[in-house]
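The values are calculated or read from the model by the stated rules, or taken from the named source; none is laboratory data. Just so it is clear, the model here is predicted, and its values are computed rather than measured. Here the Cβ is made from the backbone with ideal geometry for all residues, glycine too, and neighbour counts use every protein chain on show. To get the accessible areas, we keep the full protein, side chains included, count just its heavy atoms, and leave off ligands, DNA and RNA. Shrake-Rupley method; radii C 1.70, N 1.55, O 1.52, S 1.80 Å.
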Amino acid sequence: MKFSTDKHEKYVVLKLDEPKFTNDNTPALKSEFILLNTEGYRNIVLDLSAVKECNDSQDLSCLLVGDRLCKSAGGVFIVTGVNNSIANIIKMSNLHQSVTFVNKLDEATDLIFMEEIEKELRGSVDKG
């Protein structure tokens with residue numbers, strides 16, 4: 001599986017550099033989510049802009065693993081760069097009800113920073 005990671009202080013962007021989202025690359029993707037999570041990344045952005053095809057909603061279920069890991073660590077899991085054909089599979093499988101999807105990478109980073117600021121504000125209110 002070809003992918004790239006772009007690590008930042010508050011989040012990491014994982015870009016899948018494959019034309020197809022298949023059951024051949026989902027186990028490696030799950031492993032990468034777990035690895036990033038154990039490295040301390042609680043905010044993960046999955047960029048699917050290079051992916052043009054996904055034939056099975058089962059393959060997309062690995063997104064739930066990333067979402068669950070991030071939520072249990074107090075972070076967010078965001079998917080971006082989804083094309084129309086994959087978006088249709090996501091809607092049919094109701095994944096959009098669990099996982100956060102945004103159109104562009106900068107929307108994902110904005111969302112993460114808003115979440116982090118909210119957490120900081122809630123933390124200072126709880127202590128005050």
Open item on the list: Looking at (1) at pLDDT 95 or above; (2) over 24 Å from Glu118 (Cα atoms); (3) part of a loop (DSSP other than H, G, I, E, B), which one does Met1 not meet, given that it meets all the others?
Closed with: (1)
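To keep it simple, each residue is scored yes or no on (1) in a helix (DSSP H, G or I); (2) within 18 Å of Leu105 (Cβ to Cβ).
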| site | (1), (2) |
| --- | --- |
| Thr5 | no, yes |
| Lys10 | no, yes |
| Glu18 | no, yes |
| Asn23 | no, no |
| Pro27 | yes, no |
| Val45 | no, yes |
| Leu63 | yes, yes |
TODO: Out of the residues in region 47-61 that are in a helix (DSSP H, G or I) and either in contact with a strand residue (DSSP E or B) (Cβ under 7 Å, 6 or more places away or on another chain) or among the aliphatic types (A, V, I, L, M) (or both), state the one that is modelled with the lowest pLDDT.
DONE: Asp59
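Of all residues in region 73-90, which are loosely packed, with under 12 Cβ neighbours inside 10 Å and either under 19 Å from Asn43 (Cβ atoms) or not polar (S, T, N, Q) (or both)?
The one that is loosely packed, with under 12 Cβ neighbours inside 10 Å and either under 19 Å from Asn43 (Cβ atoms) or not polar (S, T, N, Q) (or both): Gly74.
Give the residues of region 92-104 that are more than 11 Å from the chain's Cα centre (by Cα) and either surrounded by 13 or more Cβ atoms within 10 Å (Cβ to Cβ) or in a loop (DSSP other than H, G, I, E, B) (or both), sorted by residue number. Write out each step before concluding.
As a first pass, look at region 92-104 and keep what is more than 11 Å from the chain's Cα centre (by Cα): 92-98, 103-104.
Selection gives Ser93, Asn94, Leu95, His96, Ser98, Asn103, Lys104.
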- [ ] Looking only at region 14-36, decide whether some residue is within 11 Å of the chain's Cα centre (by Cα), within 17 Å of Phe113 (Cα to Cα), open to solvent by 30 Å² or more (accessible area, probe 1.4 Å) and modelled with pLDDT of 90 or more.
- [x] no
TODO: Enumerate the pairs (first residue in region 6-31 and under 20 Å from Ile89 (Cα atoms); second residue anywhere and of a type in the set (A, V, I, L, M) and open to solvent by 40 Å² or more (accessible area, probe 1.4 Å)) with beta-carbon separation below 7 Å, excluding pairs fewer than 6 apart on the same chain, so at least 6 apart or on different chains.
DONE: Glu18/Met1; Asn25/Met1; Leu29/Met1
TODO: Consider only pairs whose beta carbons are under 6 Å apart and that are at least six residues apart or on different chains; among these, list those whose first residue lies in region 44-65 and is touching a residue at least 24 places away in the same chain (Cβ under 8 Å) and of a type in the set (D, E, K, R) and whose second residue is part of a loop (DSSP other than H, G, I, E, B) and surrounded by fewer than 20 Cβ atoms within 10 Å (Cβ to Cβ).
DONE: Lys52/Pro19; Asp59/Thr22; Asp59/Asn23
